[in-house]
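Remarks on the structure that follows.
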């Protein structure tokens with residue numbers, strides 16, 4: 001009797017476990033032995049569905065190729081089995097996009113790496129065609145050992161809000177907190193092989209591709225890994241390429257009031273890793289006044305995330321000399337305009353049509369009309385590059401204008417602008433970087449700078 005009781009309990013436990021599995025609302029992403037609901041982007045590698053197994057095959061002289069879901073996904077849990085040739089590299093794209101204004105439609109976004117090389121960073125998080133490595137597995141020995149060479153491997157990928165977590169064959173691999181992209185397609189990569197004949201015809205295979213998009217809190221798994229946080233921090237790749245934080249996200253170190261010796265005691269606040277200028281009615285320098293870096297810069301690359309409120313106006317100025325214009329109003333310098341074009345009247349003003357719209361060189365050069373801006377209340381990334389007097393303005397990884405300081409065209413524009421009264425405007429060899437107080441609430445974060453190395457004079 002004891003035996004039958006034990007057997008009954010085992011059967012009940014098995015049924016309970018199986019029922020729970022069956023109750024999990026997984027959605028299979030491939031059905032009917034077809035590629036319906038998917039499309040190929042990037043290169044010319046081939047894909048086919050054989051009895052539920054997706055097979056991607058390399059082709060010569062073509063860029064990375066991606067089999068991409070027609071549907072876009074925001075928050076989800078994805079599980080997938082894959083097998084890759086030991087001489088190849090691959091990856092699973094998540095929250096990825098292909099946009100006509102971004103590098104002619106090139107696939108970009110988060111990639112969960114498939115890396116059978118000796119490096120063994122499978123399960124790490126790479127930012128395809130953008131920031132490159134975000135969460136490598138340099139210090140995760142257990143995850144690097146979890147990958148099985150020339151065998152089927154299993155990935156679990158959780159992307160919920162700003163957090164991405166991965167597992168390789170049940171072993172925690174990556175844990176990233178980053179809010180660069182909230183939604184996009186899923187893609188299966190066949191890596192380019194160039195002219196390498198030895199890699200011609202190599203296959204990468206995927207099966208059991210399933211996704212959860214509901215009740216994610218119920219099914220989400222905790223990760224024991226300490227998360228890599230990108231907010232107000234340098235990514236792995238940025239550290240390697242010489243970027244430095246220009247604001248630490250916590251203090252006022254490295255900054256002062258443009259017309260003060262110290263940081264303003266009012267009008268600016270630091271909240272949740274954001275540097276915020278207060279709303280005071282829309283007039284220049286009425287909250288706490290502009291703030292500037294304590295250091296000066298000549299050649300540089302600058303990144304600043306900014307977030308506008310309705311109808312707000314602000315700016316990022318460079319090559320600023322705070323000794324100019326000691327009176328009321330803003331300090332003088334070249335300005336990357338930050339503006340709610342729809343609600344602020346300044347968008348329709350200026351010495352030249354459109355020259356005061358967002359991302360423009362204020363009062364001088366209108367930014368390109370195609371600007372991939374996120375809505376008011378969301379974060380946008382400004383990038384300013386000034387090397388040997390050639391200057392570029394970018395927003396969200398797209399270049400929107402460029403010019404040459406001191407060129408005949410530049411001097412002509414200045415002469416016809418509000419800056420004509422300032423001698424040698426925009427021609428300083430070096431200057432400070434400024435965040436503007438224009439009397440509207442605007443937030444800043446992720447302020448970073450890279451200064452090119454220069455050869456020492458003998």
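Would the range 208-218 turn up any residue that is loosely packed, with under 13 Cβ neighbours inside 10 Å, closer than 27 Å to residue 64 by Cα and either out of contact with any strand residue (DSSP E or B) (no Cβ under 8 Å at 6 or more places or on another chain) or modelled with pLDDT under 95 (or both)? No, the range 208-218 contains no residue that is loosely packed, with under 13 Cβ neighbours inside 10 Å, closer than 27 Å to residue 64 by Cα and either out of contact with any strand residue (DSSP E or B) (no Cβ under 8 Å at 6 or more places or on another chain) or modelled with pLDDT under 95 (or both). Residue 70 falls short on exactly one of the conditions (1) under 23 Å from the mean Cα position of the chain (by Cα); (2) more than 22 Å from residue 150 (Cβ to Cβ); (3) buried (at least 19 other Cβ atoms within 10 Å of the Cβ), and that condition is (3).
Suppose the filter is within 22 Å of residue 129 (Cβ to Cβ), in contact (Cβ under 8 Å) with a residue 24 or more places away in the chain and either outside the structural domain of residue 93 (by TED's automatic domain parsing) or buried (at least 23 other Cβ atoms within 10 Å of the Cβ) (or both); does residue 186 pass it? Write out each step before concluding.
Values: within 22 Å of residue 129 (Cβ to Cβ): yes; in contact (Cβ under 8 Å) with a residue 24 or more places away in the chain: yes; either outside the structural domain of residue 93 (by TED's automatic domain parsing) or buried (at least 23 other Cβ atoms within 10 Å of the Cβ) (or both): yes.
The answer is yes for residue 186.
Within the set 101, 110, 126, 47, the sole residue that is more than 14 Å from residue 147 (Cα to Cα), in contact (Cβ under 8 Å) with a residue 24 or more places away in the chain, in contact with a strand residue (DSSP E or B) (Cβ under 8 Å, 6 or more places away or on another chain) and assigned to a loop (DSSP other than H, G, I, E, B) turns out to be 101.
Where residues in the range 233-253 are part of a loop (DSSP other than H, G, I, E, B) and in contact with a strand residue (DSSP E or B) (Cβ under 6 Å, 6 or more places away or on another chain), which of them is nearest to residue 134 (Cα to Cα)? Give the derivation first.
Going residue by residue through the range 233-253, those that are part of a loop (DSSP other than H, G, I, E, B) are 233-235, 241-243, 246-253.
Subsequent filtering for residues that are in contact with a strand residue (DSSP E or B) (Cβ under 6 Å, 6 or more places away or on another chain) retains 235, 242-243, 246-247.
Values: 235: 6, 242: 15, 243: 14, 246: 20, 247: 20 Å.
This residue is 235.
Being buried (at least 16 other Cβ atoms within 10 Å of the Cβ) and part of a loop (DSSP other than H, G, I, E, B) is the filter here; which residues of the range 73-98 pass it? 75, 85, 88, 89, 98 - these are the residues of the range 73-98 that are buried (at least 16 other Cβ atoms within 10 Å of the Cβ) and part of a loop (DSSP other than H, G, I, E, B).
When residue 148 is tested against (1) in contact (Cβ under 8 Å) with a residue 40 or more places away in the chain; (2) assigned to a loop (DSSP other than H, G, I, E, B); (3) more than 16 Å from the chain's Cα centre (by Cα); (4) on the phi < 0 side of the Ramachandran plot, exactly one condition is not met: (1).
Conditions (1) within 29 Å of residue 230 (Cα to Cα); (2) surrounded by fewer than 16 Cβ atoms within 10 Å (Cβ to Cβ); (3) out of contact with any helix residue (DSSP H, G or I) (no Cβ under 6 Å at 6 or more places or on another chain), marked per residue:
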site	(1), (2), (3)
363	no, no, no
374	yes, yes, yes
384	yes, no, yes
409	no, yes, yes
417	no, no, yes
428	no, no, yes
434	yes, no, yes
440	yes, no, yes
444	yes, no, yes
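Applying the set (1) assigned by TED's automatic domain parsing to the domain that holds residue 444; (2) part of a loop (DSSP other than H, G, I, E, B); (3) free of Cβ contacts under 8 Å to residues at least 40 places away in the same chain to residue 281 leaves exactly one unmet item: (3). Looking at 326, 371, 399, 385, just one residue is under 18 Å from the mean Cα position of the chain (by Cα), at pLDDT below 95 and either within 27 Å of residue 182 (Cα to Cα) or assigned to a loop (DSSP other than H, G, I, E, B) (or both), and that residue is 371. In the set (1) assigned to a strand (DSSP E or B); (2) touching a helix residue (DSSP H, G or I) at 6+ places or on another chain (Cβ under 8 Å), residue 39 fails one condition alone, (2). Among residues of the range 373-391 that are farther than 19 Å from residue 275 by Cβ, those with a Cβ under 9 angstrom from a residue that is modelled with pLDDT under 95, sequence gap 6+ or separate chain, pair up as 387/452.
For residues in the range 352-361 being more than 21 Å from the chain's Cα centre (by Cα) and either in contact (Cβ under 8 Å) with a residue 24 or more places away in the chain or farther than 17 Å from residue 101 by Cβ (or both), which is surrounded by the most Cβ atoms within 10 Å (Cβ to Cβ)? Let's see the steps before the verdict.
Taking the range 352-361 first, the residues more than 21 Å from the chain's Cα centre (by Cα) are 352-357, 360-361.
Cutting the leftovers down to either in contact (Cβ under 8 Å) with a residue 24 or more places away in the chain or farther than 17 Å from residue 101 by Cβ (or both) gives us 352-356, 360-361.
On the way: 352: 15, 353: 10, 354: 16, 355: 20, 356: 26, 360: 28, 361: 26.
This residue is 360.
Residue-wise test of (1) closer than 26 Å to residue 412 by Cβ; (2) touching a strand residue (DSSP E or B) at 6+ places or on another chain (Cβ under 8 Å).
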{"residue": "288", "(1), (2)": "no, yes"}
{"residue": "295", "(1), (2)": "no, yes"}
{"residue": "312", "(1), (2)": "no, yes"}
{"residue": "325", "(1), (2)": "yes, no"}
{"residue": "332", "(1), (2)": "yes, yes"}
{"residue": "371", "(1), (2)": "yes, yes"}
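The values are calculated or read from the model by the stated rules, or taken from the named source; none is laboratory data. Since the model is a prediction, treat every value here as computed from it, not as a measurement. As a convention, Cβ positions derive from the backbone with ideal geometry for all residues, glycine included, and neighbour counts pool all protein chains shown.
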